[in-house]
Structure formats: C-alpha cells, structure tokens
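Notes follow the structure.
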Amino acid sequence: MKLTIERAALLRALGHVQSVVERRNTIPILSNVMLRAEGGKLSLSATDMDLEIVAGVAAQVGSDGSTTAPAHTLYDIVRKLRDGAQIELDVSGEKGSMTLRSGRSTFTLACLPPEDYPLMAGGELPHNFTLSAGDLKRLIDRTRFAISTEETRYYLNGIYLHAAQSNDVAMLRAVATDGHRLARMEIPLPEGAEGMPGVIVPRKTVMELRKLIDETDGEVSIALSDTKIRFHFDEAVLTSKLIDGTFPDYDRVIPANNDKVLEVECKLFAEAVDRVSTISTEKSRAVKLTVERGSLTLSATSPENGTATEELEVSYSSTPLEIGFNSRYLLDIAEQIEGEGAKFSMADAASPTIVRDSADSSALYVLMPMRV
Amino acid sequence: MTTLCRDCGVLTETPPVDRRCASCGSPRFKSHAELEALTLAHIDCDAFYATVEKRDNPALLNRPVIVGGGHRGVVAACCYVARLSGVRSAMPMFKALKACPDAVVIKPDMAKYRTVGRQVRQLMLETTPLVEPLSIDEAFLDLSGTEKLHQGPAARTLSLLVKRIEQQLGITASIGLSYNKFLAKVASDLDKPRGFAVIGRGEAVQFLSPKPVSLIWGVGAALQQRLARDGISVIGQLLDYTERDLSARYGAIGRRLYRFARGEDDRTVTPDAPAKSISAETTFNTDISDAGELARILHPLSERVAERLRNAGRGASGVALKLKTADFQTINRSRQLAKPTQAGEILYRAALPLLEVEADGREFRLIGIGAEGLVDQSQADLPDLFEAAPSRDARLDRALDAVRDRLGAGLVQRGPK
C-alpha cells in the first residue's frame, strides 16, 4: 500500500473514526485503525467490537493494499502536521510497519496484519429508511440527556427507537429514560420503517452518531435488523450492535389524567431555576415549586448554604400545589424546549409530571418529583 | 522541667523533692519539658465496659471481670485483674476462659455503656468544643487556645477533666498528650490505667524509631508483612527512604509512613466527623456452613444496619459482607449498589450474591454486613418511574422504627420477602 493524501482530508476522516477506539484495550489490534487503499480511495475503519465506523476519502493511490496502525498515535501525528501538508503513507518498507512522510518529517509506526482486524460480520439488515440529518439530530438531542448510566438496568443505557401510533398517525419514536425522567420525541414514520422492530441504540453509538450528524446536512439512510443498525452518511458508515434487552413499557408511566396545568415562559423559568438552585446542595439539587393561581414560587433550602426564593408570573388556575424537582433535570428539559412556553401537567407532589413545549407536541418529557 | 500535680493541678518549675505535692500531698506527678506547650490529647477510658460493671457492682472490684458475648463470642472488655492472667480484648471467649477460668463473665449492656459514654463526652465538651470521638469511650481533644479560659496549660486542664470523670462518673481514663493525633493516640496507651503519658516534639523521632511499624495507624497485618519482606520492621528504618520512594512503593499510605516516622501528622481534630460506614455482625454459637442458614442470619442484620442508616439520616451506596471462618480468617467482600438506599431489603439482596460465592462449604463463625459509601438521605431511594414505589416500603420502615423505638429493639422485624 502506498498513497499520498492531503492533511486536512486525512485528519477529517481519522476524526470520524478515532473516537470509537477505546483508550485502553486488552486486545492490541483494537487500538488500531484499519487503512485500505483501493481504486483512488482510502477507507479507514475503527471498531470496539460493538460499534464500527468506516470513513472513505479520496487519495492518490500508488499501489493498493491495507494495514492497521495505532489510531490515536496516527491521529495525533496528523493533527500536528502543518496545514496544507501532503502526507505519504507507505507500507513497502520493513514488515509490520508503516512509514508516514510529510515534508521533512518521517514517522515509522508499528502495524498489525489487516487480516486480524475484527470487522463486523455482515448479516441481513431488512428494514431500510431515510431520515434528514435534521430529524435524526432532533430525535437524538431531545432524548439523549435522559439515557441511564445505571449498569444493572442495561436496557436503559440507550435510546429506544421504534414505530408507534400517535392519535392514529404512524410515528417514529425515540425514547430514553433513567427512571427519574423520561424523554420521548417523535416524527412521522418514514417510508420503509413500517414493521421495523423496536431497537435500543447504545449510548456510545448515539454519541458517535451525533458527531457525524454535525458534519452532514444531507440525508442519512438507516438499515437495521433486530440485532444491528447501520447509518449511511456521505463520507462515513456507522454500524452498531443493539442492546439485547427489552425496553420497559414506558407508556404506562406517562400519566394520562394530569389536570393541573402550569404554563411558564421557558427562558425566564430556566434562568430562575438556575439562580435558585445555586443554594440547593450539590448532591440533591432540589428546588421546590409552589404553584398558586397565576404565580409560581421557586425555592431552595440547604442546611449549609441558606435559602433562596424567586417568584414568576405564570398561567395556572387549578388548586395550589407544592412539588419538588431536581433542578438539573428541569434545566435539561428546558434546554430542549425551543418555543417560548413550557407546559407542565401535574397531578400531585408524588406523581410523575409531564412537560411539553407549548407550541410543539413532538417531544414529551416525564419527570418524577422529589421529596422536598 | 515543668511538673504538674495530677490531682490538684498545681504547676511547679521542678519536681518536689519529697515526692509529694506541696499543696495537696498527692504522689501523682507528670514532668516534661514541653508540658505547657502541648495541646493535642487522646483520652481513652480504662477497660471501659468492665470498669462500668465494677462501678455498678463493687463486689466485683478485685475479681477478674470479662465483658463479652456467650461461649463463642469475643472479649469486648476485660478488667486489669483479668489482664494479669493474659486475657486481652478481642480474644475469643473460650481462650480467655482458658487463661482465666475464675473470671466473672458479664453480658454486655450496650445501652448502659452508651449512656456513660455520652456522659464522658459531655464532660469533654465542657472542656473544649474540639472533641472527635473515635468510639464510645475514647476521643481526641484539641485544647489549643483554651489556656486563658481554663487558666492553665492543656496538661492541667486534662488532668482536672479526667479527675472530674473519676469523681462524677466513677470510671477512670488515661491521657495521651502530644502535638498531633498519631502521637497522642500512641501516648494514651503507654501508661494505662489512670495514666498520663506525654510525647513531645523533642523526643518523638527517637521514641518512634525502635517501635514496630504496626504502631502506625493504617498499617495492618498485610502491609506489615509487605514491609517486613522489604526489610522494614521498625519505624526507624522508614527514615532511610524518601517520601517519593515510599509513595511509589506503597501507594497512598507511603506518604503517611514517611510523615508518621518523623512524628508528623497533619490531621486535625474534627468534631462530628460523619461515620464512613455502618455495620452489624454476629458470632454464632456453633460454626455454620449452610448458605441458607447464613442468609437467614444476614437478614435481620441488614434490617438493623438499615435502621441505623435511617436514624443517622444517611443512605448507603455500597454494601460489604464480612465473614470469619472457623479458623479465624476474615473475609471482606463488597459491591456498589445501583443507587443509594436506606432499605434493609435492598442491602440484604445486594449482599446475598456475595454470600453465595463465599458459602462454598466452609465453616463460618461470624457474619456481618456493612453499609458503605454513605451519602445524605436525600440521595437515597429516589422515586423511580419503573420500580414499584419504594416510598411505601420506606414508610413501613419508618413505622417499624417508631415501634422499636417505643417498645424496644428486636420486638418487630421484617421477614425476608
């Protein structure tokens, strides 16, 4: 394998794949990125055995071939080379090594044989559909903050993507929850997604996916089976295993009869929560909402710090209510609400509360109150 | 050399020539060059449980007294008469009785000891607010800055405090006075009972040098063995190494080895230092190997730990299982919980898998369970969308706590689910 490539192009392609590679690996070859030169193109693959990203980039290929080289080292080298530099990659030298030349710099990197590289096995991906980058981005952003990190409930460590009916309209839904809050986002079901199985996309895949979306504005085509999912971008393909588990029946925790409706101006509300929570203890982050006709009082107390209160004008006409929430969770949700208003539907101080964007019904958040 | 009469607190420049205090006639003195400069003390009650029992039953005064549980338990405390026969605290009961067959064995009355312990604490707190209890009957006291208040150096204040403990509560205690916690604790052990030992800056390094490394707080059997393999058995040998050497070789404790060997300890006296763990354990009458039976004993222990968590307003983020084999090997296993809890049932269920691994047919003499990684109770058992309301369980627990509070511990208990 011998090729020449412009630094920026290689850096960009490496950037897409290198973060998949774990910093510590017990299997040495998993620290490497696979490089394959073929027909005027360089393709780069990285995997952690659960998630694989393949990025392609144009290069002047002198001779076809492939190798695997340490991913983070290669990325660091390319990053430090001068902007606009031409880089030559050559494996014709000493066996088990790759030479990288650029200007007056020469690096020799230890390589491992490409035959040993654990590429993800193929397998049928029978369900295919296409989403705009914007839709995919919204599905992820509106839900990923609620993904659980709790290892015992591993089936909550991802976003549950599935087809569902919303008022008799077929929807593609993304749901994430950690047991304390739940986020649900839906868009009209794209063609080809009918009959897809519900799948749980792991957290790391979600994070890598989100980075790739930032670099594209076209469409993303998605293929999946009940064990794997693949996302095709212009310059990269991400394939991931799915979490093998059953996502809980989340519908039953979304309350249907919460009749105490509070509407706030979202930005003012978030700022006030942020201010008041300065007082709440680092650990509990609790704020209390005291709601009366037309007014909301946010308050926090901490035995060490003192107290804080702030009053907001709101729309509320039901019976008075006191309810506590984790301020961090309130802010996470407020951050996802793009409209001016946020609508809280509550029942009582111990039951789940629903939060929505007043002007947009595509996203819904459920929040468990705290004892305050 | 400054000399203090330990009974009336009179200070003189030199020890009295006739070995009697000029003002009260007492023969108990303490002389030390730094006596007026040292302010950090460790006070330790002498054979606390046994002393309390003797106080309440004067007929026992000159008899060997052992406080401890049944035939299989261990010696919780033994009086100085019993110690003459070789009885030591934490010794298994059967060994103690072999050494001292005519000992009077008394079952511990923890409620009584706690009351007396609180009274001792109260007297300490009247002397300085900087009291850091280490257990029911010992504490560190920082008396710096109290000289004006008590009109005399710390040494005098301490002598009078211990005398007040004797007169008001009828039990004795020993004082260790130095300039840091490590040395104060070491000192309080030097002159027991009714002792007053001082380690000053001038002699600290010389004093420590020939002592075994196990004297250093944090050096247990394992580290002691490791140090011995590396040719270090006494504290003086640590002086040959740099702080970096010791840290590189022994990790975090290396720094402590370096500093303690030089008589340096920068830990401060912290009143109300929150507990790091809460645990309960029991020794069996006969050894047990059956996993089911061990689990049945573990359950009420878990409930007891949970109750103490609730009383302390804490939640546990980890659980530790302790087992002791018939041949006295201690096994400690711990694991993290998914989220902090105050519920005995959750502690129990988290400890069960640990028990199942260890209960492989070996005979055990003791089982215990501990709550670790303590957090504030506001973090514990947070309501969850998908799990059956833990709040109902929590309400039941609180109701049971209230019943036990009124009618006595052990009266009502949860059974295993």
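The values are calculated or read from the model by the stated rules, or taken from the named source; none is laboratory data. Fair warning: this is a prediction, and the values are worked out from it, not measured in the lab. Note: ideal-geometry Cβ built from the backbone for every residue, glycine included; neighbour counts use all protein chains shown.
Is it the case, given these coordinates, that B:Arg314 is free of Cβ contacts under 8 Å to residues at least 40 places away in the same chain and within 24 Å of the chain's Cα centre (by Cα)? First the steps, then the outcome.
Details: free of Cβ contacts under 8 Å to residues at least 40 places away in the same chain: no; within 24 Å of the chain's Cα centre (by Cα): yes.
Taking the combined requirement at face value, the residue does not satisfy it.
Among (1) in contact with a Leu (Cβ under 8 Å, 6 or more places away or on another chain); (2) within 14 Å of chain A (Cβ to nearest Cβ), there is one condition B:Asp376 misses while meeting the rest; what is its number?
It is condition (1) that B:Asp376 fails.
Please go through segment B:45-90 and give me each residue that is free of Cβ contacts under 8 Å to residues at least 24 places away in the same chain, of a type in the set (A, V, I, L, M) and outside any loop (DSSP other than H, G, I, E, B), ordered by number.
B:Ala59, B:Val75, B:Val81, B:Leu84
Residue under question is B:Leu223, and the condition is that it be under 26 Å from B:Thr330 (Cα atoms), in contact with a Phe, Trp or Tyr (Cβ under 9 Å, 6 or more places away or on another chain), in the same structural domain as B:Gln119 (by TED's automatic domain parsing) and surrounded by fewer than 20 Cβ atoms within 10 Å (Cβ to Cβ); does it hold?
Values: under 26 Å from B:Thr330 (Cα atoms): yes; in contact with a Phe, Trp or Tyr (Cβ under 9 Å, 6 or more places away or on another chain): yes; in the same structural domain as B:Gln119 (by TED's automatic domain parsing): no; surrounded by fewer than 20 Cβ atoms within 10 Å (Cβ to Cβ): yes.
Considered against the rule, which asks whether it is under 26 Å from B:Thr330 (Cα atoms), in contact with a Phe, Trp or Tyr (Cβ under 9 Å, 6 or more places away or on another chain), in the same structural domain as B:Gln119 (by TED's automatic domain parsing) and surrounded by fewer than 20 Cβ atoms within 10 Å (Cβ to Cβ), B:Leu223 comes out as no.
Counting only residues that are in contact (Cβ under 8 Å) with a residue 60 or more places away in the chain and under 11 Å from B:Leu321 (Cβ atoms), how many does segment B:347-363 have? Show your work before the answer.
Initial filter on segment B:347-363 (in contact (Cβ under 8 Å) with a residue 60 or more places away in the chain): B:348, B:355-356, B:359, B:361-363.
If we keep only those that are under 11 Å from B:Leu321 (Cβ atoms) too, we end up with B:348, B:355-356, B:359.
Residues that pass the stated criteria total 4.
Given A:Ile337, A:Ile354, which one is away from chain B (no Cβ under 14 Å) and in contact (Cβ under 8 Å) with a residue 12 or more places away in the chain? Spell out how you get there, then give the answer.
On the way: A:Ile354 fails: away from chain B (no Cβ under 14 Å).
Result of the check over A:Ile337, A:Ile354: A:Ile337.
Can you work out which of the residues in segment A:231-276 that are buried (at least 21 other Cβ atoms within 10 Å of the Cβ) and small (Gly, Ala, Ser) is nearest to the other protein chains (Cβ to nearest Cβ)?
A:Ala272
For residues in segment A:357-372 being within 25 Å of the chain's Cα centre (by Cα) and within 14 Å of chain B (Cβ to nearest Cβ), which is surrounded by the most Cβ atoms within 10 Å (Cβ to Cβ)? It would help to see each step written out before you state the result.
Filtering segment A:357-372 for residues within 25 Å of the chain's Cα centre (by Cα) gives A:357-368.
Narrowing further to those that are within 14 Å of chain B (Cβ to nearest Cβ): A:364-368.
Details: A:Leu364: 20, A:Tyr365: 29, A:Val366: 23, A:Leu367: 24, A:Met368: 23.
The qualifying residue surrounded by the most Cβ atoms within 10 Å (Cβ to Cβ) is A:Tyr365.
Identify, from the list A:Ala110, A:Ala85, the residue that is over 30 Å from B:Lys339 (Cα atoms), in contact with a helix residue (DSSP H, G or I) (Cβ under 6 Å, 6 or more places away or on another chain) and surrounded by fewer than 18 Cβ atoms within 10 Å (Cβ to Cβ).
Of the residues listed, the single one that is over 30 Å from B:Lys339 (Cα atoms), in contact with a helix residue (DSSP H, G or I) (Cβ under 6 Å, 6 or more places away or on another chain) and surrounded by fewer than 18 Cβ atoms within 10 Å (Cβ to Cβ) is A:Ala85.
Within 14 Å of another protein chain (Cβ to nearest Cβ) and of a type in the set (Asp, Glu), is that true of A:Glu304? Explain how you work it out, then say what you get.
On the way: within 14 Å of another protein chain (Cβ to nearest Cβ): yes; of a type in the set (Asp, Glu): yes.
Against the criterion (within 14 Å of another protein chain (Cβ to nearest Cβ) and of a type in the set (Asp, Glu)), A:Glu304 qualifies.
Quick check on B:Arg255: is it without any contact (Cβ under 8 Å) to a residue 40 or more places away in the chain, over 30 Å from B:Ser317 (Cα atoms) and not assigned by TED's automatic domain parsing to the domain that holds B:Gly370?
On the way: without any contact (Cβ under 8 Å) to a residue 40 or more places away in the chain: yes; over 30 Å from B:Ser317 (Cα atoms): no; not assigned by TED's automatic domain parsing to the domain that holds B:Gly370: yes.
In short, no.
For every residue, the table says whether it meets (1) more than 20 Å from the chain's Cα centre (by Cα); (2) farther than 28 Å from B:Asp381 by Cα.
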| residue | (1), (2) |
| --- | --- |
| A:Ala163 | no, yes |
| A:Ala176 | no, no |
| A:Leu182 | no, no |
| A:Asn258 | yes, no |
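Examine segment A:225-241 for a residue that is in contact with a helix residue (DSSP H, G or I) (Cβ under 9 Å, 6 or more places away or on another chain), in a strand (DSSP E or B), touching a residue at least 24 places away in the same chain (Cβ under 8 Å) and under 16 Å from A:Ala163 (Cα atoms), and state whether such a residue exists.
yes
Quick test for you: out of B:Asp272, B:Asp266, pick the one residue that is in a loop (DSSP other than H, G, I, E, B), within 18 Å of the chain's Cα centre (by Cα) and loosely packed, with under 15 Cβ neighbours inside 10 Å.
Details: B:Asp266 fails: within 18 Å of the chain's Cα centre (by Cα).
Criteria check complete, one pass: B:Asp272.
Kindly indicate whether B:Ser277 is modelled with pLDDT under 90, more than 27 Å from B:Arg201 (Cα to Cα) and of a type in the set (S, T, N, Q).
Numbers: modelled with pLDDT under 90: yes; more than 27 Å from B:Arg201 (Cα to Cα): yes; of a type in the set (S, T, N, Q): yes.
The answer is yes for B:Ser277.
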